[in-house]
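To keep things clear, I will list the structure first and then write my remarks on it.
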């Protein structure tokens, strides 16, 4: 790892609506992407709902910001870790999640999935490896 | 040790706002450096000088202002979160055409980049929230 580059992990723990944490957390990720740090994003607990397909906020007067997650790949935020147990506990599978991808410039711009399903134990290891954790 | 401090919750509503202050004060008193205190989410409400708690209660806003003065502390309120919640400095008042400003002494309004920058510069970024 380059000198002066830190490992930042953004941890999303809350549902996308109901509180403003998810929306304002996403704003931090987008701004942080400009800083040339090593970045990953974790989705645990109700945070996995942030990546749910088919979000419809029409009746609640809330802005549906889920399309913004699709932009993360263009911002070089390509490591999204989703905790498997959190999905299972909520009756969700990978198929319920947005299809988020990026173009790998080191591999002939092949389109690859940004989403990695990891176990709770693996998530704990990932957290252990970070220099800076921002928790929303 | 160089600390960065992130305050995510509002004053009086949530003890995180108090704990952040006590932690910051203790760190400074022990000779540690605090590179920045960043206020985000409802934490921006720690920076309004219109706060008027009952006489026999702690004044959370003034407490931060005094700490900033004593230690030349860099306290930044996130502009996007502040605009949503009506925290305005003189410049924002003019720019947004508002009839008042309310940012307390010692606080500055700036962007989220200041939070990332604090994470880069500090040895530890400590987050106070729910």
Item to check | Subset tally (residues that are modelled with pLDDT of 95 or more and part of a loop (DSSP other than H, G, I, E, B)) for the stretch A:6-47 | outcome: 11
Checklist entry - Is there a residue in the stretch B:116-126 that is more than 22 Å from residue A:35 (Cβ to Cβ) and surrounded by 17 or more Cβ atoms within 10 Å (Cβ to Cβ)? => result no
Next on the checklist: Being touching a residue at least 40 places away in the same chain (Cβ under 8 Å) and assigned to a loop (DSSP other than H, G, I, E, B) is the filter here; which residues of the stretch B:76-109 pass it?
Outcome noted: B:87, B:102, B:104, B:105, B:106
Item to check | Residue satisfying all of: in the stretch A:21-38; under 19 Å from residue A:127 (Cβ atoms) and at the interface with another protein chain (Cβ under 10 Å from one of its Cβ atoms); farthest from the chain's Cα centre (by Cα) among these | outcome: A:37
Next on the checklist: For the stretch B:15-41, which positions are out of contact with any helix residue (DSSP H, G or I) (no Cβ under 7 Å at 6 or more places or on another chain) and under 23 Å from residue A:27 (Cα atoms)?
Outcome noted: B:16, B:20
Next on the checklist: For the stretch A:85-93, check the following and say yes or no: at least one residue is surrounded by fewer than 17 Cβ atoms within 10 Å (Cβ to Cβ) and over 23 Å from residue A:126 (Cα atoms).
Outcome noted: yes
Checklist entry - Within the stretch B:110-130, is there a residue that is more than 14 Å from residue B:37 (Cα to Cα) and part of a helix (DSSP H, G or I)? => result no
Checklist outcome for this item: Of the listed residues (A:78, A:57), the one being out of contact with any helix residue (DSSP H, G or I) (no Cβ under 6 Å at 6 or more places or on another chain), assigned to a loop (DSSP other than H, G, I, E, B) and closer than 25 Å to residue A:131 by Cα is A:78
Item to check | Those residues of the stretch B:71-119 which are facing chain A (nearest Cβ under 9 Å) and out of contact with any strand residue (DSSP E or B) (no Cβ under 8 Å at 6 or more places or on another chain), in sequence order | outcome: B:80, B:84, B:113
Checklist entry - Is there any pair linking a residue in the stretch B:43-59 that is farther than 24 Å from residue B:130 by Cβ to one that is outside any loop (DSSP other than H, G, I, E, B), with Cβ under 7 Å and at least six apart or on different chains, and which? => result B:49/B:61; B:49/B:103
Item to check | Top-ranked residue in the stretch A:111-136 [being in a strand (DSSP E or B) and under 24 Å from residue A:95 (Cα atoms); ranked as farthest from the other protein chains (Cβ to nearest Cβ)] | outcome: A:111
Checklist entry - Restricting attention to the stretch A:1-15, which residues are more than 11 Å from chain B (Cβ to nearest Cβ) and in contact with a strand residue (DSSP E or B) (Cβ under 8 Å, 6 or more places away or on another chain)? => result A:1, A:12
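The values are calculated or read from the model by the stated rules, or taken from the named source; none is laboratory data. The shown structure was predicted, so the numbers you read here are calculated from the model rather than taken from an experiment. All Cβ positions, glycine included, derive from the backbone under ideal geometry; neighbour counts span all protein chains shown.
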